[in-house]
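Undergrad: Mind looking over this structure? Questions follow.
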Amino acid sequence: MKYCQGPQCHTYDTKDRKRGPKGNKVNQTRRRSSFYYLQGNACSMQCQDDWFKQYGEQALNHFGRITEPKKLEEHNAWRKCRRWSWNDQPDTYYSYNVATGEERPISEAQYRDNNYTLNT
């Protein structure tokens, strides 16, 4: 079980946050086996927003703030795609260049390989 990482989680008044004996109830941070927000670390969008408001600037500075625009160019515009087929025909796999519209066939193994790229 893990706790919600929202810094204000314990301040929101809901039934599942109430803990303690009758007459002496307190709100506690939610505890669950899995969460759906903040990549599995926050219990709600409100807690996710609270986390980002408090720590977002610090996280950007720590992990690297973008200081120049990123550019999608011909050499880095390749995406792996799958063309689904019907009537017992095999699916086809290909690399697609978003910038030029070019398609190149690839194998199913190359499509499933997370390390395979076609940056030429």
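Undergrad: When the helix-only estimate is applied to the chain (DSSP H runs of n ≥ 4, each -39,500 (n - 2.57), divided by the residue count), what is the mean residue ellipticity at 222 nm, nearest 500 deg cm²/dmol?
TA: Taking each H run of at least 4 residues, the total per residue is -6000 deg cm²/dmol.
Undergrad: How high is the relative contact order of the chain, in percent, with contacts defined as C-alpha pairs under 8 Å that are six or more residues apart?
TA: Once normalised by length, the contact order is 17 percent.
Undergrad: Restricting attention to the stretch 50-96, which trypsin sites (Lys or Arg not before Pro) occupy a DSSP loop and are surrounded by at most 15 other Cβ atoms within 10 Å?
TA: ARG65, LYS70, LYS71
Undergrad: Continuing with the same structure: Would you kindly compute the Cα radius of gyration of the chain and its largest Cα-Cα separation (Dmax), both in Å?
TA: Reported Rg and Dmax, both Å: 23.4, 69.
Undergrad: Continuing with the same structure: Can you pick out the pairs among LYS53/LYS80; LYS2/LYS80; LYS2/LYS71; LYS2/LYS53 whose Cα atoms lie more than 32 Å from each other?
TA: Pairs exceeding the cut-off: LYS53/LYS80; LYS2/LYS80; LYS2/LYS71.
Undergrad: For the stretch 2-63, count the residues as N, evaluate 2.2 N^0.38 Å, and divide the Cα radius of gyration by that value, please.
TA: Scaled against compact globular proteins, the figure is 1.24.
Undergrad: Can you work out ³J(HN,Hα) from phi for every residue in the stretch 47-53, in order, using Karplus 6.51 cos²θ - 1.76 cosθ + 1.60 and θ = phi - 60°, giving whole Hz and x for Gly and Pro?
TA: Running phi through 6.51 cos²θ - 1.76 cosθ + 1.60 with θ = phi - 60° gives 5, 4, 5, 4, 4, 5, 4 Hz.
Undergrad: Using Cα centres only, tell me the gap between the stretch 27-58 and the stretch 8-22 in whole Å.
TA: The distance from the Cα centre of the stretch 27-58 to that of the stretch 8-22 comes to 16 Å.
Rule-based calculations on the coordinates, nothing more; no lab input. Only a predicted model underlies this, so the values are computations on that prediction, with no experimental measurement involved. FYI the Cβ positions are ideal-geometry reconstructions off the backbone, even for glycines, and counts take in every protein chain you see.
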